[in-house]
Amino acid sequence: MTMRRTIHEQYSRMADKIELSPLFTRPGEATQLPRYSLPEGESLPETAFQIVHDEAMLDGNARLNLATFVGTWMDDHAARLYLEAADKNMVDKDEYPQTAAIETRCWTMLAELWHAPDPKHTIGTSTIGSSEAAMLGGLALKRRWQHRRKAASQSTDKPNLVMSSAVQVCWEKFCNYFEVEARYVPISEEHKVLDGHDLARYVDENTIGVVAIMGVTYTGMYEPVQQIAAALDRIQADTGLDIPIHVDGASGAMIAPFCQPTLEWDFRVERVASINTSGHKYGLTYPGLGWVVWRDRDALPEDLIFYVSYLGGNMPTLALNFSRPGAQVLLQYYLFLRLGRAGFTKVQQGTLDVAQYLAREVSKIDAFTLWNDASDIPVFAWSLRTGHTRNWNLYHLSDRLRTKGWLVPAYPMPDNLVDLTVQRIVVRNGLSHDLATLFVADLRECVDYLDALESPMPAVKPDSGFRH
Ligand SMILES: Cc1ncc(COP(=O)(O)O)c(C=O)c1O
């Protein structure tokens, strides 16, 4: 009897814990689990799931995030593929030879899209994002320069890389991590991007290369690769220096081929040695994928390549990471097959149309001055019109828009223009025209609210939204 009661009690205690205890009243929900030390005991999976799930809700709605360039929407087929491939490690090429083969097909397709002279005999790789891809592009430039200099018995002590002051932070990291002097050409109202102007003042015999950005992060504008190459041609004619270009096409390398096909920015420009892009930006995959492709095998020094034997052959690879997810590569291939050139053109043009509609609407608001109009990638920026108000600034507007769920960052422009604050919208596949009209209505309402204030708003600092 006693024994039976004990078992009964035990069961009812377990049942109480597992089934009867209503959601949100279990330990960890009704109380708080430790946040910065490993909990002593276990939790029910349901409880742990609920806690993580609920906290992630505070991140906001990714679809309303107009700050990020990175994919926030894929279709159900992609979601299925993602789940099926979540366990694949990209580096296990001998275990997953088909994923490896698909990776090669993807960068070969990109080499062709970007007009490599002989796409099947060039070299490229997937990466975790454009940052890693940029590092590999930069490393190849540095190593080529070192080889040239050593062969001529010249010093390799002081390599430098020339780029716009509006480069993405990955290039600052590259220079810092790999000990290359960063030479920034400042942007200005007259030269809104690196355009070859004054380039001769920045390059010399120690310049490993020039970075040209297709889709500047701050504004979305293209840097005119042909014009930069022409300036370097003149420099070569005058000085003999033969300086290659790496194109940072994090965003634009997946827009220009479809929406501005006659614009020559890629391997059609002979000085372009390598190009990177983010699969997870306008390559339309979820986060965790970049690509880098070289013009030909000569553009990537052999001593940066490691050889692995799988697929019955000897496969060249290079990467900074070892393990990383393989699923994104499959997602990219899915999109290449699913959309093809026609589909990519339709999707990217649709996104560009929405961005241009938004830019037109923003330009109609008296408070603003457009910096650019989304005619390059679907990104544009604006500033507060001089003299419009002393009561609020774009940081206040950014805050106000957050209350409606929209994330639209405000930030200072780079060196030389730091006094200018801009606000930027990145339009991605998933922001429909319909949703964009709702954004415009919210933006107008927020501006009207701020304009109606009779005294200045307290100063706001840029906010990361980070909570402990
Ligand atoms: C021009 C440019 N280069 C590089 C990067 C870094 O890309 P990723 O986030 O894929 O590492 C970005 C990201 O916004 C970018 O805009």
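The values are calculated or read from the model by the stated rules, or taken from the named source; none is laboratory data. This one's a predicted model, so the numbers in the text were calculated from it and none came from an experiment. So basically every Cβ, Gly included, is an ideal-geometry build from the backbone, and we count neighbours across all protein chains shown.
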Exercise. Scan the stretch 384-403 residue by residue and report those that are over 25 Å from N61 (Cβ atoms) and free of Cβ contacts under 8 Å to residues at least 24 places away in the same chain.
Key: R385, T386, G387, H388
Quiz item: Which of the residues spanning the stretch 396-426 are polar (S, T, N, Q) and more than 27 Å from S455 (Cβ to Cβ)?
Solution: N416
Practice problem: Give the residue, chosen from E112, E95, that is acidic (D, E) and modelled with pLDDT of 95 or more. | Solution: E112
Exercise. Could you tell me which residue of the stretch 124-166 is modelled with the lowest pLDDT, considering only residues that are within 11 Å of the ligand (Cβ to nearest atom) and in contact with a Ser or Thr (Cβ under 8 Å, 6 or more places away or on another chain)?
Key: A166
Self-check item: Selection count, the stretch 197-218, where residues are part of a loop (DSSP other than H, G, I, E, B) and crowded, with 24+ Cβ neighbours inside 10 Å
Solution: 3
Quiz item: Can S432 be described as more than 28 Å from Y286 (Cβ to Cβ) and surrounded by fewer than 18 Cβ atoms within 10 Å (Cβ to Cβ)?
Solution: no
Quiz item: What is the one condition in (1) under 21 Å from the mean Cα position of the chain (by Cα); (2) in a helix (DSSP H, G or I); (3) surrounded by 21 or more Cβ atoms within 10 Å (Cβ to Cβ); (4) not small (G, A, S) that L397 does not satisfy?
Solution: (1)
Quiz prompt | Options I235, I275: the member that is among the hydrophobic types (A, V, I, L, M, F, W, C) and more than 16 Å from the ligand (Cβ to nearest atom) | solution = I235
Practice problem: Could you list all residues from the stretch 246-264 that are surrounded by 24 or more Cβ atoms within 10 Å (Cβ to Cβ) and outside any loop (DSSP other than H, G, I, E, B)? | Solution: H246, V247, D248, G252, A253, M254, A256
Quiz item: In the stretch 202-221, is there at least one residue being charged (D, E, K, R) and either without any contact (Cβ under 8 Å) to a residue 40 or more places away in the chain or within 16 Å of the ligand (Cβ to nearest atom) (or both)?
Solution: no
Quiz prompt | Residues being in contact (Cβ under 8 Å) with a residue 60 or more places away in the chain and crowded, with 16+ Cβ neighbours inside 10 Å - total across the stretch 132-161 | solution = 14
Quiz item: Can you pull out the helices (runs of 4 or more DSSP H) entirely within the stretch 40-131 that have at least 1 residues that are in contact (Cβ under 8 Å) with a residue 60 or more places away in the chain?
Solution: 76-85, 97-113
Self-check item: Candidates V293, V329 - the one that is modelled with pLDDT of 95 or more, in a strand (DSSP E or B) and either under 18 Å from S131 (Cα atoms) or hydroxyl-bearing (S, T, Y) (or both)
Solution: V293
Quiz item: Among the residues of the stretch 435-457, is there at least one that is surrounded by fewer than 18 Cβ atoms within 10 Å (Cβ to Cβ), modelled with pLDDT of 95 or more and of a type in the set (S, T, N, Q)?
Solution: yes
Quiz item: Filtering the stretch 167-189 down to residues that are away from the ligand (no atom under 15 Å from the Cβ) and surrounded by 17 or more Cβ atoms within 10 Å (Cβ to Cβ), which residue is nearest to T219 (Cα to Cα)?
Solution: V185
